[in-house]
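The values are calculated or read from the model by the stated rules, or taken from the named source; none is laboratory data. Predicted, not measured: the structure shown is a model, and the values here were computed from it. Neighbour counts run over all protein chains shown; Cβ positions are idealised from the backbone, glycine included. Heavy atoms of the whole protein, side chains included, go into the accessibility calculation; ligands, DNA and RNA do not. Shrake-Rupley method; radii C 1.70, N 1.55, O 1.52, S 1.80 Å.
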Amino acid sequence: MSLHPGEIRRRPRAGLHQEFKQTPPTSDDESSSSCSNSVLPRNEERVMCKTPQTSITGKGGSAPAAGAPCIGSSSTQSKANMIQWLGLSVWPLMLFLPLLLNHSSKFHYSAVFPRSWYTNHGQNWLDKSIEEGGIWEWGTNTYRGSNPLRHPLGLSLGISAVAIGHFFLLIYFRLHQQQLLGRTTPIQTRGAAQYVYSAALKNHLSQPGGFVLLGIYLAVTWIFDLLPPSYYSFVGGIQYTRVATCLVCQDFVQFVMHRVEHVAHPKMYRISHKPHHKFTNPKLFDAFDGSVPDTAIMILLPLFVTAHVVRDCNVWTYMAFGSSYANWLSLIHSEVMFPWEPAFRFLGLGTAADHHVHHKFFKFNFGHLFMWFDWIAGTYRSPRDVWGKEFNVGV
């Protein structure tokens with residue numbers, strides 16, 4: 001079970017006691033903001049991280065203790081290793097909705113939705129150049145005599161794509177966290193914060209500076225025609241090169257704004273980004289737990305800039321980008337590592353351990369999805385540098 005400083009004082013151990021003295025407890029050691037300073041009820045499910053040898057336990061059982069003999073043949077171990085890699089399926093599942101509506105005859109969008117909802121001129125089947133998203137005939141089709149109001153079909157599908165992708169992510173993460181897909185390793189040596197799963201999940205989904213503000217941004221920019229015309233087009237499928245370009249552009253602008261928040265002015269940092277940095281040992285549910293100014297500066301502004309830099313995406317590409325971005329941003333806040341992280345780190349793709357370096361030390365790893373910009377700026381620090389110290393070996 002996760003040890004608190006008070007327990008260390010009752011049972012002093014050389015070295016470990018010194019480490020805790022050097023790292024005073026913060027709010028993330030107890031819980032998320034919705035759960036901090038509360039006593040965990042006995043009948044509530046608790047989530048705990050142990051040392052890398054013991055891992056996570058939950059209601060109804062625990063993993064074998066450190067040093068326990070391995071039971072089973074090498075083939076059983078091979079099967080266990082293969083099961084771990086089933087988690088890779090979470091990445092294509094982030095794109096479940098746009099793939100379903102484009103690549104199945106029964107659920108193809110043209111067979112499910114009225115044509116007038118996704119074309120400017122619903123009865124014109126020949127001129128593909130005008131199919132850029134339906135006009136929303138709701139009282140009036142213009143806003144203050146300027147651009148037309150866009151039909152909310154694409155908006156609804158986009159938000160649904162993120163929600164469905166996140167649903168699959170949460171299922172995978174729960175299985176991974178409870179070691180049902182194999183042994184897990186906490187990122188930091190002090191283990192993950194203890195928290196009530198249901199309360200942390202509720203706090204995660206209801207953050208005003210997270211999904212709520214993001215939904216408002218998406219609704220305003222979509223309905224009031226603030227995006228490039230191609231973003232309203234349902235023609236074609238997912239443009240995967242454009243998805244990748246959007247992710248890189250988004251992360252570059254976010255990297256710049258992240259650096260600005262840290263170094264521009266102490267007052268700006270206190271108002272915007274400091275609330276998110278109360279989590280020096282973050283967990284997945286802390287990804288969108290921050291202030292409204294922080295979300296506006298670090299997420300919404302980069303989203304708007306990216307949309308107007310990569311101007312030739314269609315609606316399916318926009319959905320795929322949004323779902324990939326939001327869910328990847330959650331994954332890098334995880335309290336435990338994932339099996340794909342060594343390969344990701346070799347390629348410079350963001351991992352949970354990379355982002356824990358930022359939350360722990362503040363001065364490194366300002367990128368989120370890509371470490372390339374930190375490599376160039378000289379602000380990258382590998383988790384390997386603190387293996388066996390603040391971080392567990394192998395993360």
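Quick one: is Ala326 buried (at least 22 other Cβ atoms within 10 Å of the Cβ) and touching a strand residue (DSSP E or B) at 6+ places or on another chain (Cβ under 7 Å)? No: the conditions fail for Ala326.
Total residues in the stretch 373-387 satisfying the condition of being within 14 Å of Gln188 (Cα to Cα), in a helix (DSSP H, G or I) and open to solvent by 10 Å² or more (accessible area, probe 1.4 Å): the figure is 2. For Val395, the conditions (1) open to solvent by 50 Å² or more (accessible area, probe 1.4 Å); (2) assigned to a loop (DSSP other than H, G, I, E, B) are fulfilled apart from (1).
Look through Phe344, Phe364, Phe370 and report the one residue that is open to solvent by 10 Å² or more (accessible area, probe 1.4 Å), at pLDDT 95 or above, over 15 Å from Ala192 (Cα atoms) and more than 18 Å from the chain's Cα centre (by Cα).
Step by step, each of Phe344, Phe364, Phe370 is checked, and only Phe364 is open to solvent by 10 Å² or more (accessible area, probe 1.4 Å), at pLDDT 95 or above, over 15 Å from Ala192 (Cα atoms) and more than 18 Å from the chain's Cα centre (by Cα).
Test Thr295 against the stated conditions and say whether it is assigned to a helix (DSSP H, G or I), in contact with a Gly (Cβ under 7 Å, 6 or more places away or on another chain), β-branched (Val, Ile, Thr) and closer than 17 Å to Gly322 by Cα. Criteria met by Thr295.
Among residues of the stretch 258-312 being of a type in the set (Phe, Trp, Tyr) and either closer than 23 Å to Tyr197 by Cβ or modelled with pLDDT of 95 or more (or both), the one that is surrounded by the most Cβ atoms within 10 Å (Cβ to Cβ) is Phe285. The single condition among (1) outside any helix (DSSP H, G or I); (2) on the phi < 0 side of the Ramachandran plot; (3) open to solvent by less than 50 Å² (accessible area, probe 1.4 Å) that Val235 does not meet is (3). The residue of the stretch 163-192 that is farthest from His356 (Cα to Cα), among those that are open to solvent by 10 Å² or more (accessible area, probe 1.4 Å) and assigned to a loop (DSSP other than H, G, I, E, B), is Leu181.
Determine which member of the set Ser330, Ser323, Ser334 is among the hydroxyl-bearing types (Ser, Thr, Tyr) and not in a helix (DSSP H, G or I).
Ser334
Across the stretch 144-157, which residue is modelled with the lowest pLDDT among those that are buried (at least 18 other Cβ atoms within 10 Å of the Cβ) and not hydrophobic (A, V, I, L, M, F, W, C)? The qualifying residue modelled with the lowest pLDDT is Pro148.
Only one entry of Gln254, Gln207 meets the criterion of being within 17 Å of the chain's Cα centre (by Cα), under 23 Å from Ala352 (Cα atoms) and open to solvent by less than 10 Å² (accessible area, probe 1.4 Å), and that entry is Gln254.
Quick check on Ser160: is it among the polar types (S, T, N, Q), within 20 Å of Ala326 (Cα to Cα) and open to solvent by 20 Å² or more (accessible area, probe 1.4 Å)?
Values: among the polar types (S, T, N, Q): yes; within 20 Å of Ala326 (Cα to Cα): yes; open to solvent by 20 Å² or more (accessible area, probe 1.4 Å): yes.
Yes.
Residues are listed down the side, and each one gets a yes or a no for (1) over 25 Å from Phe361 (Cβ atoms); (2) aliphatic (A, V, I, L, M):
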position: Pro275; (1), (2): no, no
position: Phe279; (1), (2): no, no
position: Ala287; (1), (2): no, yes
position: Gly290; (1), (2): no, no
position: Leu303; (1), (2): yes, yes
position: Ala307; (1), (2): yes, yes
position: Val310; (1), (2): yes, yes
position: Cys313; (1), (2): yes, no
